[in-house]
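Provided herewith is a single structure, encoded as structure tokens, for subsequent inquiry.
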Amino acid sequence: MTVNAERFLEDLNTLRSFGAAGVGKGVVRPAYSEADIAARRWLAGRMEEAGLQVRFDPVGNLFGLAAGPSLLMGSHSDSQPEGGWLDGALGVIAALEIARSSDRPVSVVSFQDEEGRFGVTTGSAIWSGHLPLTEADGLSDHAGVSFATARAAMADLAGDFVDPAQFTGFVEMHIEQGPTLDIEGEQIGVVSDIVGIRDMKVTFEGQQNHAGTTPMHLRRDAFQALGEFNARLNDRFRNVVTPRTVWTIGHVNLHPNASSIVPGRARFSMQWRDGDTARLARMEEIIRATALEVAEARGMKLSFGPLLGLEPVEMDRALRAALEQGAEAVAPGRWRSMPSGALHDATNVSRLMPVAMLFVPSIGGISHDFAEDTREQELLAGLRVLDHAVRVLV
Ligand code: GLV
Ligand code: MN
Ligand code: MN
Ligand code: MN
């Protein structure tokens, strides 16, 4: 049997209907939301129809298992708070299509909370043993909801953790989420390595006060501290980073967040990524020292949340070679080997088995946005490369 392009595209569109939002093809399907759980139930049904044995684990990772030893394929089906329709979803539906059209044993997975509502790639981090479940249960999202509370919403579905020993390897297809393939007019990227990441919450606490009566020199304004911290940090990083290093303050919670109140507290996310572990550590030192300096100068209390992270990893040679062979067959001369600046479940799974990844272009390099998209012919090219690789590997 060969892959069924129509069935694949139809399932991809159906998955989008869970949490469809915003303009264009956007989705809002964060981990453990109603839309996410409904999508997982639907996916489980599609897995069953494909003859796979369905298993949810205690954190909501969803597996469709083939009998006996198998190649595991998949990604995640949760989304960012404002997400695109392909980030994660593409890898899951492509895996499903390969599993049901192939005569080789292929299992399918949709990991939970890849997008980091609670941690960094939480579901696969727990499954791989990187993040202990007890530690994860103590994490909370930006609204203060604990992981333990959130995952309880799936308790009626939960079985045991799936034994990874049955899998011979893991292959994850994904959109690139960056501009390279689109700019170069290429159809396929075979991933060489995935960057490392660090992520922690930082809090400045000053004095909440009246915005009309409190003279500027007497204020302990938490937003002013955050602003100064950001400016100093950018300055200090200049001699430390490479063009591939990135850092982001993506979430800020100002308290009480009112026009006429000097903010008493600023809690924000601080995330940084690089391919070099030593550089990640150096950046952490600079972050902590800069925050402390600003806090002392402005009479702020300073606290740091738990440091979460993943190390940079290289993809497996043999799995990569199979994908490269598939890429050359499907898109001769129109593919490249490339690093991933986005994080993926494959990083965690690499602790358990050989892993490899395949990219298709993101139009305009846009992702983590409602406008995220990929041309249909390239979605199908990626599917065919996977199909080709499975024939070589299994
Ligand atoms: C995962 O979505 C990431 O932020 O890289
Ligand atoms: Mn993703
Ligand atoms: Mn993502
Ligand atoms: Mn991701």
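Once amide H atoms are built 1.01 Å from N in the peptide plane, which residues 5 or more positions from Asp193, or in another chain, come under 5 Å H to H?
Met315, Ser340
Picking from Val195, Val240, Val28, which is most flexible by a Gaussian network model of the chain using Cα springs under 10 Å?
With Cα springs under 10 Å in the chain, the top fluctuation among Val195, Val240, Val28 is at Val240.
Compute the distance from the alpha-carbon center of the range 180-229 to that of the range 256-291, in whole Å.
6
Right, something else. Distance between Cα centroids, the range 306-368 to the range 21-59: provide it in whole Å.
What the calculation gives is 23 Å, centre to centre.
Something else: Given +1 on the Cβ of Lys and Arg, -1 on the Cβ of Asp and Glu, and no further charges, what dipole in debye does the chain carry about its Cα centre, rounded to the nearest 20? Let's see the in-between values first.
Working: 36 positive and 51 negative charges, 186 e Å.
So the dipole magnitude of the chain works out to roughly 900 debye.
Can you list residues whose amide H is under 5 Å from Gly116's amide H, if they're 5+ apart or on another chain and H is modeled 1.01 Å from N?
Thr121, Thr122
Counting only protein heavy atoms and a 1.4 Å probe, tell me what percentage of the range 195-308's accessible area is made up of carbon and sulfur.
Values: 2940 of 6020 Å².
With neighbouring chains kept in place, the figure for the range 195-308 is 49 percent.
Also, I was wondering about something else. Give me, ordered by chain and number, the residues 5 or more places off Arg375 or on other chains with an amide H under 5 Å from its own placed amide H.
Ile363
Here is a further query. Over the range 195-308, average the accessible area per residue using a 1.4 Å probe and give it in Å², no decimals.
On the way: 6020 Å² over 114 residues.
Per residue, the range 195-308 has an accessible area of 53 Å².
On to the next question. Would you mind computing, in nm to one decimal, how far apart the modelled labels at Ile249 and Gln207 are, each placed 7 Å from Cα along Cα→Cβ?
Taking the simple label geometry, Ile249 and Gln207 are separated by 2.2 nm.
Given the DSSP H assignment, sum -39500 (n - 2.57) over each helix run of at least 4 residues in the chain and divide by its residue total; what's the result at 222 nm in deg cm²/dmol, nearest 500? Spell out each step's value before the answer.
Numbers: 12 runs with 138 residues, N = 394.
After summing the helix terms and dividing by residue count, I get -10500 deg cm²/dmol.
Let me ask something additional. Under the 0.36 nm per residue contour assumption, what length would be gained going from the current alpha-carbon distance of Thr214 and Ala289 to full extension? Spell out each step's value before the answer.
On the way: separation 75, 0.36 × 75 = 27.00 nm, distance 2.88 nm.
Stretched out fully, the Thr214 to Ala289 stretch lengthens by 24.1 nm.
Any idea how far apart Ser17 and Asn234 come out in nm if each label point goes 7 Å out from Cα toward Cβ?
For the pair Ser17/Asn234, the computed spacing is 4.5 nm.
Considering only DSSP beta bridges where both residues belong to the chain, give the percentage that are antiparallel (nearest 5).
Details: 40 of 62 bridges.
Expressed as a percentage, antiparallel bridges in the chain total about 65.
Of all trypsin sites (Lys or Arg not before Pro) in the range 275-377, which ones are in loop regions per DSSP and have a Cβ with at most 14 other Cβ atoms within 10 Å? Write down the numbers at each step before the final one.
On the way: sites: Arg279, Arg282, Arg288, Arg298, Lys301, Arg317, Arg320, Arg334, Arg336, Arg351, Arg375; in loops: Arg298, Arg334, Arg351, Arg375.
Sparse-neighbourhood loop trypsin sites (Lys or Arg not before Pro): Arg375.
So how compact is the range 195-308: Cα radius of gyration and Dmax in angstrom?
Answer for the range 195-308, Rg first and Dmax second: 15.0, 49 Å.
At a probe size of 1.4 Å, how large is the accessible area of Met338, to the nearest 10 Å²?
Solvent-accessible area, nearest 10 Å²: 10 Å².
The values are calculated or read from the model by the stated rules, or taken from the named source; none is laboratory data. These numbers come from a predicted model, not from an experiment. Virtual Cβ from ideal backbone geometry, glycine too; neighbours counted across all protein chains shown. In case anyone asks, the SASA skips ligands and DNA or RNA and just uses the protein heavy atoms, side chains included. Shrake-Rupley method; radii C 1.70, N 1.55, O 1.52, S 1.80 Å.
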